[in-house]
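A.B. asks: Got a structure for you, questions after.
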Amino acid sequence: EQVTVDPRLGARWDVVRGPRRTTLKAGAGVYHQPPAMEQSNDLVGTDGVESNRALHFSLGIEQELAAGFEISVEGFFKRLDNLVIVQADETRLIGARFVNTGDGRVFGAETLIKYKPDGGRFFGWIAYTLSRSERRDTQEPYRTFSYDQTHILSAVGNLGLGRGWTL
């Protein structure tokens, strides 16, 4: 029952062109997430619960190191508001109601190394993210979010085997 508008903008600028390309990049956007079904349904939810909102900002740089190798470093910040939280309410069937009074913040940096040669059978990348996610229900001090992932290491590889097969 709620309509949201989520404008986003991304910008890239090749400061240095050619075989050792250097690119500055930035982005900003608004993102909404509807409340979970149990937070807004007629039986146990609360009428009028709205979508969570996040404002995302990022700033980074990409550097081509050699043919097929690229490194990227990017900082990010997210401002969260209108988060759905639980408040005690003994008049309700489940003893609680849902309200949009929570807020939070997420900040960190990511480093990404990519290998993608022209015409090669293999490409892949490895990324490391260092971040912190904090929340609060009202005007209390921020606390580390239950689902905070401070360290994230990701790796992806793709090998073309031929005849339509890929590993």
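A.B. asks: Under 8 Å between Cβ atoms, at least 6 apart or on separate chains: pull out the pairs that start in region 73-93 with a residue that is among the polar types (S, T, N, Q) and end on any residue that is surrounded by 15 or more Cβ atoms within 10 Å (Cβ to Cβ) and not in a strand (DSSP E or B).
C.D. replies: As it stands, the answer is 82/50; 82/51, since those pairs meet every condition given.
A.B. asks: A follow-up question, please. Quick one: which residue in 66, 11, 109 is within 27 Å of residue 125 (Cβ to Cβ), in contact with a Phe, Trp or Tyr (Cβ under 9 Å, 6 or more places away or on another chain) and among the small types (Gly, Ala, Ser)?
C.D. replies: 109
A.B. asks: Within region 126-167, track down each residue that is of a type in the set (A, V, I, L, M) and part of a strand (DSSP E or B).
C.D. replies: Of everything in region 126-167, those that are of a type in the set (A, V, I, L, M) and part of a strand (DSSP E or B) turn out to be 126, 127, 130, 152, 153, 155, 156, 159, 161.
A.B. asks: List the number of the failed condition for residue 164; all other conditions in (1) closer than 30 Å to residue 19 by Cα; (2) modelled with pLDDT under 95; (3) among the small types (Gly, Ala, Ser) hold.
C.D. replies: (1) is the only condition that residue 164 fails.
A.B. asks: If I filter region 106-125 down to residues being basic (Lys, Arg) and not in a strand (DSSP E or B), which single residue comes out as surrounded by the most Cβ atoms within 10 Å (Cβ to Cβ)?
C.D. replies: Going through the qualifying residues, I end up with 116.
A.B. asks: Name the single residue, out of those in region 25-54 being in contact with a strand residue (DSSP E or B) (Cβ under 7 Å, 6 or more places away or on another chain) and open to solvent by 70 Å² or more (accessible area, probe 1.4 Å), that is nearest to residue 83 (Cα to Cα).
C.D. replies: 53
A.B. asks: Taking interchain pairs and intrachain pairs at least six residues apart, which have beta carbon atoms under 6 angstrom, with the first residue in region 14-29 and closer than 26 Å to residue 56 by Cα and the second polar (S, T, N, Q)?
C.D. replies: Cβ pairs passing all conditions: 14/23; 15/22; 22/63; 27/58.
A.B. asks: Next question. Could you run through region 1-56 and say how many residues are among the hydroxyl-bearing types (Ser, Thr, Tyr), part of a strand (DSSP E or B) and within 17 Å of the chain's Cα centre (by Cα)?
C.D. replies: Matching residues across region 1-56 total 1.
A.B. asks: I've got another one for you. Select from region 139-156 the residues that are touching a residue at least 24 places away in the same chain (Cβ under 8 Å) and exposed (fewer than 11 other Cβ atoms within 10 Å of the Cβ) and write down the one among them that is nearest to residue 82 (Cα to Cα).
C.D. replies: 153
A.B. asks: A further question follows. From (1) over 20 Å from residue 134 (Cα atoms); (2) surrounded by 14 or more Cβ atoms within 10 Å (Cβ to Cβ); (3) within 27 Å of the chain's Cα centre (by Cα), pick out the condition that doesn't hold for residue 73.
C.D. replies: (2)
A.B. asks: Which residue is modelled with the lowest pLDDT, if the candidates are limited to region 14-46 and must be polar (S, T, N, Q) and in contact with a Phe, Trp or Tyr (Cβ under 7 Å, 6 or more places away or on another chain)?
C.D. replies: That would be 46.
The values are calculated or read from the model by the stated rules, or taken from the named source; none is laboratory data. What you see is a predicted model; the values in this text were computed from it and never measured. Because the Cβ atoms are built from the backbone with ideal geometry, glycine has one as well, and the counts that use them run over all protein chains shown. Accessible surface is based on the protein model in full, side chains and every heavy atom, while ligands, DNA and RNA are left aside. Shrake-Rupley method; radii C 1.70, N 1.55, O 1.52, S 1.80 Å.
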